[in-house]
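> One structure coming up, written as structure tokens, with questions to follow.
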Amino acid sequence: MALLEVKNLSIFFQGLKAVHDVSFEIAEGEIVGMIGPNGAGKTTIFNLLTNVYEPTEGEIFVEGKSTLGQPAYKMVDMGLARTFQNIRLFKDMSVIDNVKVGFHHKGRYSIAEAVFRLPPYWREEQLYEERAEEILDIFGMGDMANLPARNLPYGAQRKLEICRAIASGPKLLLLDEPACGMNASETQELMDTIRLVKDRFHTSVLLIEHDMNLVMGICERLIVLNYGQVLAQGDPEEVRNNPEVIRAYLGSEGDPNALGC
Amino acid sequence: MYFVVQLLNGLQLGAIYALIALGYTMVYGVIKLINFAHGDLMMMAAYFALIAMAKGAHPLLALAISIIMTTVLGVLIERIAYKPLRKSSRLSALITAIGVSLLLQNVAMLIWGSGAKTYPNLQASLPSFNIGHNTISSLSIITVVLAVLVMIGLYFFVEKSKVGTAMRAVSEDMEAAELMGINVNHTISATFAIGSALAALAAFLLCAAYPQVTPYIGAMPGIKAFIAAVIGGIGIVPGAMVGGFILGIIEALTKGFIPSQYSALSDAVVFAILIVVLLIKPSGIFGKVQGEKV
């Protein structure tokens, strides 16, 4: 059974077919890239996957369970975590508090316990503090734990978003243009981070990206979207040489590395 | 000595303002709504405690009952009146809050009448002591200590606990918080619950000191507590506390030291201070100056 199964997914915004009859699967441990020109519906699909939007048609299954009708915050419980195209950290909070937000859905103690400081509260709080430190250490951000998130350099903010998402223990991590605005060396570091996510946390990754170096360097499979529909799926080599993809995505002739985000 | 007594009166009054201001500030911090019904919620709490005591409940039991009922009422108001407007403009929510405020006042008038009801004299049952020619009630000291303890507890709750972390996350980016697995509705309910419980405590302490209840007792303390929250920096927990105390002390000292025929001036002084603060540091004493990025 696939980890994620998207079946005939469509969403129409007042007649605009933003996503139309899209189907794909993601297996456990896979790193899949989703590419396509601007406006192809990539972020819309992320918003559908995390139940920010309700699909007009079609259904999404995580480990065989339908996500239909679940509130957005429950998607984390189902194993989906995401980052955002424009970084959306809690900037006034410390780095470690940002990571601890990722644990939030796991807590079972009540407000009363928190107010009256009962032992289960302390035990759990202590555990999350340690686990958050551990995650930051793994990603090499341990020494930044107590800084306000807004003070981090750009690349580190992107990384912290990944840490926060990983803290929720996802089975599938959705990265929305993680390399956007990064220079070459930052992108290189990002690739290491994504591999770390896969190897260390056994998390599948679905990423939207325009940076072809990153996409070709790290993705095991690509899904190409155009005008809200799947144009092609397959391994990077296959997709790169698909004449239809070249025409739709790059123009008839063009430099595949020349695309910005 | 007279000065010390007035100062203590000011601290007592300030502690009550501070408790109410904490409710304003918590709600504003999380959903950016100035809950103008908050003072009237406090008024309802005063009636709840009064009824419980009239039925023979011990004052502390009456306080507990009042806290529970006020909390439920506060959460219900959020669910019914504010939640449907969460995605509307802030102005719509603000006007709704004013509507809720008037509604509560009129409901109270309908149920309990517009006349003043006398609160049991709780202060008399507490020990008092003399400094020089002046008597000081231990109620003043209890009020101040209780308010400070509550503020410290609340500060650590917001900064350290997981629910508090969720509140801060929702405050910064509601949608992102939801996508990180935070139940936004529960978090906002928790915020209203805490604010309402503090209002109930404030009502009890207020009526213990000034033992009269009318449907309007929430209005003026509500506005002053709001001013206290703004002076301290709205949305900031310690700011509400400091703002409350500053306001209470200034009010008590103006009342104590200007001739009694001008005592109504004390309110004018309070509002004048608000204007001064808004002119000099609009974000309040503890508020961060928000630079606008262009």
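The values are calculated or read from the model by the stated rules, or taken from the named source; none is laboratory data. For clarity, every value in this text was computed on a predicted model and none was experimentally measured. All Cβ positions, glycine included, derive from the backbone under ideal geometry; neighbour counts span all protein chains shown. SASA here: full protein model, heavy atoms, side chains in, ligands and nucleic acids out. Shrake-Rupley method; radii C 1.70, N 1.55, O 1.52, S 1.80 Å.
> When residues of region A:1-26 are filtered for being without any contact (Cβ under 8 Å) to a residue 40 or more places away in the chain and over 20 Å from A:Val76 (Cα atoms), how many remain?
Matching residues across region A:1-26 total 4.
> Those residues that are among the aliphatic types (A, V, I, L, M), open to solvent by 20 Å² or more (accessible area, probe 1.4 Å) and in a helix (DSSP H, G or I), I need them from region B:231-244; list them, please.
B:Val242
> Of the conditions (1) within 13 Å of chain A (Cβ to nearest Cβ); (2) modelled with pLDDT of 90 or more, B:Leu110 fails just one. Which one is it?
With respect to (1) within 13 Å of chain A (Cβ to nearest Cβ); (2) modelled with pLDDT of 90 or more, B:Leu110 is out only on (1).
> Could you say which residue among B:Ala208, B:Ala202 is under 25 Å from B:Val100 (Cα atoms) and under 16 Å from the mean Cα position of the chain (by Cα)?
B:Ala202
> Considering only region B:167-189, how many residues are closer than 27 Å to B:Ile16 by Cα and at the interface with another protein chain (Cβ under 8 Å from one of its Cβ atoms)?
The number of residues fulfilling the criteria is 1.
> Does region A:27-41 contain at least one residue that is free of Cβ contacts under 8 Å to residues at least 60 places away in the same chain, touching a strand residue (DSSP E or B) at 6+ places or on another chain (Cβ under 6 Å) and of a type in the set (D, E, K, R)?
For region A:27-41, residues free of Cβ contacts under 8 Å to residues at least 60 places away in the same chain, touching a strand residue (DSSP E or B) at 6+ places or on another chain (Cβ under 6 Å) and of a type in the set (D, E, K, R): absent.
> Report the residue count in region A:126-165 for those that are in contact with a Ser or Thr (Cβ under 7 Å, 6 or more places away or on another chain), open to solvent by 10 Å² or more (accessible area, probe 1.4 Å) and within 12 Å of chain B (Cβ to nearest Cβ).
Qualifying residue count for the region: 1.
> Could you tell me which residue of region A:64-99 is farthest from the other protein chains (Cβ to nearest Cβ), considering only residues that are surrounded by fewer than 19 Cβ atoms within 10 Å (Cβ to Cβ) and among the polar types (S, T, N, Q)?
Per the criteria, the residue is A:Ser66.
> Select from region B:98-135 the residues that are over 24 Å from the mean Cα position of the chain (by Cα) and part of a strand (DSSP E or B) and list them in ascending order.
The answer is B:Ser128, B:Phe129, B:Asn130, B:Ile131, B:Asn134, B:Thr135.
> I'm trying to understand the selection: among the residues of region B:173-219, which are within 25 Å of B:Gly153 (Cα to Cα) and among the polar types (S, T, N, Q)?
B:Asn183, B:Asn185, B:Thr187, B:Ser189, B:Thr191, B:Ser196
> Okay, moving on. When you scan region B:54-61, do you find a residue that is among the small types (Gly, Ala, Ser) and closer than 22 Å to B:Leu146 by Cβ, even just one?
To start, the set of residues in region B:54-61 that are among the small types (Gly, Ala, Ser) comprises B:54, B:56-57.
Filter again for closer than 22 Å to B:Leu146 by Cβ, leaving B:57.
Checked against the condition, which is being among the small types (Gly, Ala, Ser) and closer than 22 Å to B:Leu146 by Cβ, region B:54-61 yields at least one hit.
Yes/no per residue for (1) at pLDDT 95 or above; (2) open to solvent by 10 Å² or more (accessible area, probe 1.4 Å):
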position	(1), (2)
A:Asn183	no, yes
A:Arg200	no, yes
A:Leu206	yes, no
A:Met212	no, yes
A:Val215	no, no
A:Asn226	no, yes
A:Gln229	no, yes
A:Asp235	no, yes
A:Pro243	no, yes
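> Now for a different question. Among the residues of region A:219-229, write down those that are outside any loop (DSSP other than H, G, I, E, B) and either touching a strand residue (DSSP E or B) at 6+ places or on another chain (Cβ under 6 Å) or charged (D, E, K, R) (or both). Before you say what the answer is, go through the steps one by one.
Step one: of region A:219-229, the residues outside any loop (DSSP other than H, G, I, E, B) are A:221-226, A:229.
Residues satisfying the conditions are A:Arg221, A:Leu222, A:Ile223, A:Val224, A:Gln229.
> Let me ask something else. Any idea which residue in region B:190-213 is farthest from the other protein chains (Cβ to nearest Cβ), counting only those that are touching a Gly at 6+ places or on another chain (Cβ under 6 Å) and more than 26 Å from A:Phe103 (Cβ to Cβ)?
B:Ala199
> Which condition does B:Val163 not pass, out of (1) within 14 Å of chain A (Cβ to nearest Cβ); (2) open to solvent by 60 Å² or more (accessible area, probe 1.4 Å), if it passes all the others?
Answer for B:Val163: the failing condition is (2).
> Of the residues in region B:193-223, how many are assigned to a helix (DSSP H, G or I) and either over 22 Å from B:Ile31 (Cβ atoms) or open to solvent by 10 Å² or more (accessible area, probe 1.4 Å) (or both)?
16
> Would you say B:Ile77 is open to solvent by 40 Å² or more (accessible area, probe 1.4 Å) and either farther than 17 Å from B:Pro211 by Cβ or acidic (Asp, Glu) (or both)? I'd like the intermediate steps shown before the answer.
Working: open to solvent by 40 Å² or more (accessible area, probe 1.4 Å): no; either farther than 17 Å from B:Pro211 by Cβ or acidic (Asp, Glu) (or both): yes.
No, not satisfied.
> Kindly check whether there is at least one residue in region B:139-150 that is within 14 Å of chain A (Cβ to nearest Cβ), surrounded by 16 or more Cβ atoms within 10 Å (Cβ to Cβ) and among the hydroxyl-bearing types (Ser, Thr, Tyr).
No, the conditions are met nowhere in region B:139-150.
> Also, I was wondering about something else. Quick one: which of A:Glu28, A:Glu54, A:Glu5 is over 23 Å from A:Leu222 (Cβ atoms), more than 10 Å from chain B (Cβ to nearest Cβ), of a type in the set (D, E, K, R) and open to solvent by 10 Å² or more (accessible area, probe 1.4 Å)?
It is A:Glu54.
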